[in-house]
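What follows is one structure encoded as C-alpha cells, with my remarks underneath.
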Amino acid sequence: MSLDPRTVSFAAGERNVFLHILTACNLSCRHCYINPVQHGTTMLSREQLAAWIRLFADRQRTANIIFLGGEPTMHPDLPYGIEIARSCGYTTTVDSNGYLFHDFLERVNPHHLDYLSFSLDGPDPAINDPIRGQGVFAVCTDNLRRAVARGFNTSLIYTVSSSNIDHLQRMVPLLVELGVNRFFIQVIGLRGKSAPAGGTVEQQLQVAPEQWLTVVPAVARQVAEAGIDVVYPKVYLEEGEIFECAGRVAENFFVFPNGRVYQCPLCEDHPLHSYEIRDDQLIRTGGVNEERLFTLGIPEGCVMNKLLQPDTIAYDSAGRPLHRISCCLLKQRISGGGNGAEHQPR
Ligand code: SF4
Ligand code: SF4
C-alpha cells in the first residue's frame, strides 16, 4: 500500500450531484457558506426531492449524489430521498452536522447509504465548539459512535482555518477511536499575505500557504498510516502540472432548493449559475454566467479564485504568481486501505 498522495483527477464521464435539499440549519457555524440571499430559504417538497434526484440520474456513468443542507437530516423526507437515489443507481452520501434529526439512524438502512459524513472542526470541545457551537462536539461524536455501532460507513470532514490548523494532528487518534472510515480535510481559504489587521472574519480565518503545506500533507500521511482513507484539496499546482478547470472537464452540479444549479462552488455567492431547474426541468441560463469564466486562461490558475479571493495569491518581485492555484475540486487522496469511493465533499 502506497502512502504517497495521489491526485484524484476529474474522472471523465463521472457525475457528482451536490443536492442542497433545504438551507435551514440548527447551527450557525462561523464559516457557514449558506447564503439565503442567493440560495433561498425554501425546502424541497417530497415530490420535488424525487423529481430532482431523477433529473440528474444517469445509468450510463458513475453518478454520486451528496445530500446537503443547511442540515439535510432536518428534512423529514431524507430517508425517502435516499431510497430514490438508490433506485436510480447513485452512490449516495449524506453530509450532516451530526445532529441526525427525525430518527435518522433508525429510519435508514445502513446498507442503503454509501457514506454518512459528519463535520467536526476540532479534536475536542475547546477547539470545535467556538467554531461550530456550544455542545456540538459532544452531540456529533456521540451520534458518530452510534452510527458506527449500527453499521454505517462513516466519514468526517474537518475544515481547516487559522483557528484549528494547529490541532489537526490531534484528530488522528480521535478518528481511530471513533472508527471513522474516511477523513476529508477542507480549507476555508488561503492567503498570499498576512491577514490584514481588522480584515473580514474570513480573512482572519485563512491560513498561509507555508502553514498549509507544512501541516496538512504530513497529517494526511499519519491518518493513512492509521488505516483511514484521507482526501484533501490539492490547492497548489507543482511546477509542470497541468491546470484544469472542473467546469470544463467534469460534471459537477451544485443544486440549491431555489432551483439554481452551479458547476463551480466558488460561484455560489453570485447569480452566475449555468442552469436553473424550472418545472422540474434543467434549463441553461443565458447571458454572463460561470461558463464564460471557465474558458479564461490566467497564470494564477483558477479564474474564480483570482476574482473572488485575490489576496490568496502571492507574487514575486517581477509580478509572477509564486504558486498557481488548482481547481478547488482537485483533490489528493492517500489510501489507508479502506474502500473509500473517489467522490468528494463540496
Ligand atoms: S452545519 Fe453546515 S449549514 Fe449548518 S451552520 Fe454549520 S456550516 Fe452552515
Ligand atoms: S474552482 Fe476555479 S478551476 Fe475549479 S471549477 Fe471553479 S473556476 Fe474552474
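Things to note:
- Within the option set His31, His75, being touching a helix residue (DSSP H, G or I) at 6+ places or on another chain (Cβ under 9 Å) and crowded, with 23+ Cβ neighbours inside 10 Å holds for one residue only, His75.
- In the set Gly227, Gly189, Gly199, only one residue is modelled with pLDDT of 90 or more and among the small types (Gly, Ala, Ser); that residue is Gly227.
- With respect to the stated conditions, Ile325 is within 18 Å of the chain's Cα centre (by Cα) and of a type in the set (Val, Ile, Thr).
- Annotation note: of Phe294, Phe256, the sole residue that is over 30 Å from Ser155 (Cα atoms) and surrounded by 16 or more Cβ atoms within 10 Å (Cβ to Cβ) is Phe294.
- The set of residues in region 87-107 that are over 22 Å from Arg15 (Cα atoms) and either acidic (Asp, Glu) or out of contact with any strand residue (DSSP E or B) (no Cβ under 8 Å at 6 or more places or on another chain) (or both) comprises Tyr99, Leu100, Phe101, His102, Asp103, Leu105, Glu106, Arg107.
- Subset of region 242-251 [surrounded by fewer than 22 Cβ atoms within 10 Å (Cβ to Cβ) and touching a residue at least 24 places away in the same chain (Cβ under 8 Å)]: Phe243, Glu244, Ala246, Arg248, Val249, Ala250, Glu251
- Scoring Gly151 on the criteria (1) more than 16 Å from ligand 1 (Cβ to nearest atom); (2) touching a Lys or Arg at 6+ places or on another chain (Cβ under 8 Å) leaves a single failure, condition (2).
- Qualifying residue in region 61-77 (condition: farther than 25 Å from Ile228 by Cα, free of Cβ contacts under 8 Å to residues at least 12 places away in the same chain and aliphatic (A, V, I, L, M)): no
- Among strands (runs of 3 or more DSSP E) entirely within region 226-268, having at least 1 residues that are under 24 Å from Ser335 (Cβ atoms) singles out 229-233, 251-255.
- All conditions in (1) hydroxyl-bearing (Ser, Thr, Tyr); (2) surrounded by 14 or more Cβ atoms within 10 Å (Cβ to Cβ); (3) touching a Lys or Arg at 6+ places or on another chain (Cβ under 8 Å) hold for Thr285, with the sole exception of (3).
- Pairs linking a residue in region 305-318 that is under 16 Å from Lys234 (Cα atoms) and in contact (Cβ under 8 Å) with a residue 40 or more places away in the chain to a residue that is of a type in the set (Lys, Arg) and in a loop (DSSP other than H, G, I, E, B), with Cβ atoms under 8 Å and 6 or more positions apart or on different chains, are Thr312/Arg191.
The values are calculated or read from the model by the stated rules, or taken from the named source; none is laboratory data. Given the structure is predicted, the values throughout are model-derived calculations rather than measurements. A quick note on method: Cβ atoms are made from the backbone with ideal geometry, for glycine too, and the neighbour counts reach across all protein chains shown.
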